[in-house]
Structures are given as structure tokens and as C-alpha cells.
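Each remark here refers to the structure printed beneath this line.
Coordinate-derived values only; no laboratory data. For clarity, every value in this text was computed on a predicted model and none was experimentally measured. Methodologically, a virtual Cβ is constructed for each residue, glycine included, from the backbone with ideal geometry; neighbour enumeration extends over all protein chains shown.
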């Protein structure tokens, strides 16, 4: 077992910024188009964690993580997870992490390059742990830099200075992060 932790794009923060659409950290977590490098390398039993993107005046935090259950084809994901197809929310923000149409072509709302790479290895997860309640998020913001120092044994004042855009994790580091997330969720 191994894991990866990555920082999502600037502005993506479920509480203080834009809607986080990829990864989806609901009951059946998924990673669709984002981080093709991670999706290519993970296997069932590995873990993926995500840190919020940079938002001015707000501390970033480890939003959550999940265990990889399987990799599937994006057309299978399109059929299996209709609620995760790319669409606009009522507030005008993009939502969903399945970036294809019913015919497997690039969805008109997806403007990224390298479409062919971004549709491979759709990740379906299990056992999500996500900080969602306001008190959990506040604790996450307060403790993220410290927990990253402890787990990765690296200094730095911000998540990007500690993990870069993405870091690989050992089995012990995965367990430490999951234990920390669980402790934050059960602390109250």
C-alpha cells in the first residue's frame, strides 16, 4: 500500500472558495480528470488525500482522503455515476468530474488540454474521510501544516512548501494521515 497527497488548484476550497469537484469525497469517492499522474500509478488499496487550494487570507487544510477501490473506464463511470457528469450548478460553478459526453467525447464545459490523458483511469474509492463540519474544517486549518511536518518530516510554512504539488506517501504515512483525519472527526 502507498498513497499520494496533492494540492488542488488555487481557489478550490469547499468552505471559503470554489466548489471542489475533483476529487469527489462523498459516500463513494471518486477522482475523475484531475491528477492523471496519480491515477496512473495507484492500485486498489492505495490512498489519495487532497489539500485545499490557495485562497487569499485563508489557511489551506487537508480536506480528506479515501482508499482506492478500483479503476474503471470513463464511459463506465458516465453510466455508473450520472450525478458526477460535468454540469453547471445553480450558482454557475462547475460540478462533476466525468468530463465526457454520452459518446465519449470531451464535454463542452471542459476546457482543459490533454483530454486523452485526463479520461484514463477513473478512480472509484471507498472509506472516505473528509472534514466537512465547520468545527472540523477549523481544526483542519489550524493543524494541517503541523501534521504535514510530522508525517512528511519536512519543514515549511505552507502546504506547497512541504509537499510541493504532490507527494508520494508510505504505508505508515497513509495511516498517520487517516488516523489524524479520524481524530479530527471524532474530537467533538
| query | Most fluctuating residue of 97, 113, 121 in a GNM of the chain with Cα springs under 10 Å: which is it? | reply | 113
| query | Between residue 115 and residue 101, how many nm apart are label points set 7 Å from Cα along the C-beta direction? | reply | 0.9 nm
| message | Suppose we keep just the alpha-carbon trace of the stretch 137-188; what are its Rg and Dmax in angstrom? | response | 11.1, 31
| What number, in percent, do you get for the relative contact order of the stretch 84-188 if the mean sequence gap of Cα pairs under 8 Å and at least 6 apart is divided by its residue count? | 17 percent
| note | Relative contact order of the chain (C-alpha contacts under 8 Å, at least 6 apart) in percent is 29 percent
| Neighbour-count order for 13, 143, fewest beta carbons within 10 angstrom listed first | 143, 13
| field | Using alpha-carbon coordinates, inclination of helix 134-152 to the longest axis of the chain, degrees | value | 80 degrees
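Would you mind calculating the relative contact order of the stretch 39-103 from Cα pairs under 8 angstrom and at least 6 residues apart, reporting the percent as a whole number?
Here the relative contact order equals 24 percent.
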| Within the chain, what percent of beta bridges assigned by DSSP are antiparallel, to the nearest 5? | 75 percent
| Which residue, 120, 168, 79, tops the fluctuation ranking in a GNM of the chain built on C-alpha contacts under 10 Å? | 79
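What value, in deg cm²/dmol to 500, does the helix sum -39500 (n - 2.57) over DSSP H runs of n ≥ 4 give at 222 nm once divided by the residues of the chain?
Details: 6 runs with 57 residues, N = 188.
So the helix-based figure for the chain works out to -8500 deg cm²/dmol.
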| request: Specify the angular offset, from 0 to 90 degrees and rounded to the nearest 10, of the alpha carbon long axis of helix 171-186 from the longest principal axis of the alpha carbons in the chain. | output: 80 degrees
| task | Could you work out how far apart the two model spin labels at residue 55 and residue 161 are, taking each label as a point 7 Å from the Cα in the direction of the beta carbon, and quote it in nm? | result | 2.2 nm
| note | The simple spin-label model distance between residue 150 and residue 138, using points 7 Å out along Cα→Cβ, in nm, is 2.0 nm
